[in-house]
Amino acid sequence: MSKQISLEPDYKPSDKEPFMNERQREYFRGKLQAWKEEILKEAKETLVTLQSESENHPDIADRASSETDRAIELRARDRQRKLISKIDSALARIEDGSYGYCEETGEPISLKRLEARPIATLSLEAQERHERNERVFRDD
């Protein structure tokens with residue numbers, strides 16, 4: 001595990017500094033960890049809500065509505081579980097030094113893209129190419 005450095009509260013990665021230097025890695029590590037903690041906190045709150053709402057509704061319409069709400073909530077939690085897996089992968093890439101570089105081209109992913117989507121594994125160009133190819137094959 002690499003040593004952690006402290007960043008100024010207003011620090012933002014910049015193109016004026018070396019790409020994925022120690023400060024940038026620490027910035028994205030903090031951003032990813034905070035995101036993961038927020039998702040886990042929401043998941044705990046959902047679990048408490050689902051457990052407290054497990055009463056049996058005598059009215060069939062209320063029961064159906066409750067079941068629909070529960071199904072939607074569980075689907076959302078499943079998406080978040082997958083997101084946590086992607087966050088963990090991004091944190092592992094920070095540790096092994098591959099974070100911020102496109103998995104296809106090896107080129108740096110723009111800081112702007114990483115800021116918007118810190119789990120990105122493809123540069124914008126590679127992602128667009130990937131989506132175009134998906135559309136072509138899906139249309140067959």
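In the range 57-84, the residues that are hydroxyl-bearing (Ser, Thr, Tyr) form Cβ pairs under 6 Å with partners that are surrounded by 12 or more Cβ atoms within 10 Å (Cβ to Cβ), at six or more places apart or across chains, as follows: 66/57.
Remark: pairs (first residue in the range 86-97, under 12 Å from residue 28 (Cα atoms); second residue at pLDDT below 95 and assigned to a helix (DSSP H, G or I); Cβ separation under 8 Å; 6+ apart in sequence or on different chains) = 87/39.
Whenever a residue of the range 13-24 is outside the structural domain of residue 108 (by TED's automatic domain parsing) and β-branched (Val, Ile, Thr), it has no partner that is surrounded by 13 or more Cβ atoms within 10 Å (Cβ to Cβ) and assigned to a loop (DSSP other than H, G, I, E, B) lying with C-beta atoms less than 7 angstrom away and at least six residues away or across chains.
Would you confirm, using the coordinates I've provided, whether residue 58 is more than 26 Å from residue 13 (Cβ to Cβ), out of contact with any strand residue (DSSP E or B) (no Cβ under 7 Å at 6 or more places or on another chain) and in a loop (DSSP other than H, G, I, E, B)?
Yes, satisfied.
Looking only at the range 77-87, filter to residues that are exposed (fewer than 13 other Cβ atoms within 10 Å of the Cβ) and either under 15 Å from residue 46 (Cβ atoms) or of a type outside the set (S, T, N, Q) (or both); which one of those is modelled with the highest pLDDT? The residue in question is 82. Among the residues of the range 5-36, those that are assigned to a loop (DSSP other than H, G, I, E, B) and crowded, with 17+ Cβ neighbours inside 10 Å comprise 13, 20.
Among the numbered conditions (1) in contact with a helix residue (DSSP H, G or I) (Cβ under 9 Å, 6 or more places away or on another chain); (2) loosely packed, with under 13 Cβ neighbours inside 10 Å, the only one that residue 39 does not meet is (2). Checked against (1) under 30 Å from residue 14 (Cα atoms); (2) at pLDDT below 85, residue 63 passes all but condition (1).
The values are calculated or read from the model by the stated rules, or taken from the named source; none is laboratory data. Being a predicted model, the structure only gives us computed values, none of them experimental. Every residue, glycine among them, receives a Cβ derived from its backbone with ideal geometry; neighbour counts consider all protein chains shown.
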